[in-house]
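The values are calculated or read from the model by the stated rules, or taken from the named source; none is laboratory data. Just so we're clear, the structure is a prediction, and the values are computed from it rather than from any experiment. FYI the Cβ positions are ideal-geometry reconstructions off the backbone, even for glycines, and counts take in every protein chain you see.
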Amino acid sequence: MPLLFYSPKFILPKRYNNTCSQVDVLPSIAGLAKASYRNTTFGRNLFDSASKKENVAFIYDDALHTIGIINDQYYYLRNLNSNNEEFLSMLTDAAVPKNNITDSIKNHLQKLTLAYYETAKYMLLNNKKK
């Protein structure tokens, strides 16, 4: 999904091909505006070049009961009811062939997906405004 920030006074024209999601919009706007803010969400400032966070987007689909992670190359998807998994290429929309390298990447994305999911559940109950 394309995302466009237009602010010639604050940023130079540049095209980024990074994976991001809706939760990144507000931290990015606050960063552009140089507004002080406390971020207690999954969102990140897309213009923060010092950030070493992975370019990923966590996906939760309540209707299909699935969770997943998308990065610049892959989409890992897990059904919460059946635990069936899919590992797809973002470039070809096809299943990723199995080998030692792709198995390692799938393993990483699987762990990251579960970590985001568990963190999201925790945040629903414990991320209260102070």
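Quick look at the numbers
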{"read-out": "Filtered residue count, region 25-42, keeping only those that are in contact with a strand residue (DSSP E or B) (Cβ under 8 Å, 6 or more places away or on another chain) and either among the basic types (Lys, Arg) or free of Cβ contacts under 8 Å to residues at least 24 places away in the same chain (or both)", "value": "0"}
{"read-out": "Subset of region 1-43 (residues that are farther than 19 Å from residue 72 by Cβ and of a type in the set (Gly, Ala, Ser))", "value": "7, 30, 31, 33, 35, 36"}
{"read-out": "Condition check for residue 104: part of a helix (DSSP H, G or I), small (Gly, Ala, Ser), farther than 23 Å from residue 2 by Cβ and out of contact with any helix residue (DSSP H, G or I) (no Cβ under 6 Å at 6 or more places or on another chain)", "value": "yes"}
{"read-out": "Region 105-120, residues that are hydroxyl-bearing (Ser, Thr, Tyr) and either over 14 Å from residue 75 (Cα atoms) or touching a Leu at 6+ places or on another chain (Cβ under 7 Å) (or both)", "value": "116, 117, 119"}
{"read-out": "Residue in region 58-71 that is free of Cβ contacts under 8 Å to residues at least 60 places away in the same chain, over 21 Å from residue 121 (Cβ atoms), surrounded by 10 or more Cβ atoms within 10 Å (Cβ to Cβ) and out of contact with any strand residue (DSSP E or B) (no Cβ under 9 Å at 6 or more places or on another chain) present", "value": "no"}
{"read-out": "Selection status of residue 82, surrounded by fewer than 12 Cβ atoms within 10 Å (Cβ to Cβ), assigned by TED's automatic domain parsing to the domain that holds residue 31 and not β-branched (Val, Ile, Thr)", "value": "no"}
{"read-out": "So residue 111, is it surrounded by fewer than 17 Cβ atoms within 10 Å (Cβ to Cβ), part of a loop (DSSP other than H, G, I, E, B), at negative phi and not β-branched (Val, Ile, Thr)", "value": "no"}
{"read-out": "Selection from region 73-101 of residues that are assigned to a loop (DSSP other than H, G, I, E, B), within 21 Å of residue 55 (Cα to Cα) and of a type in the set (S, T, N, Q)", "value": "73, 92"}
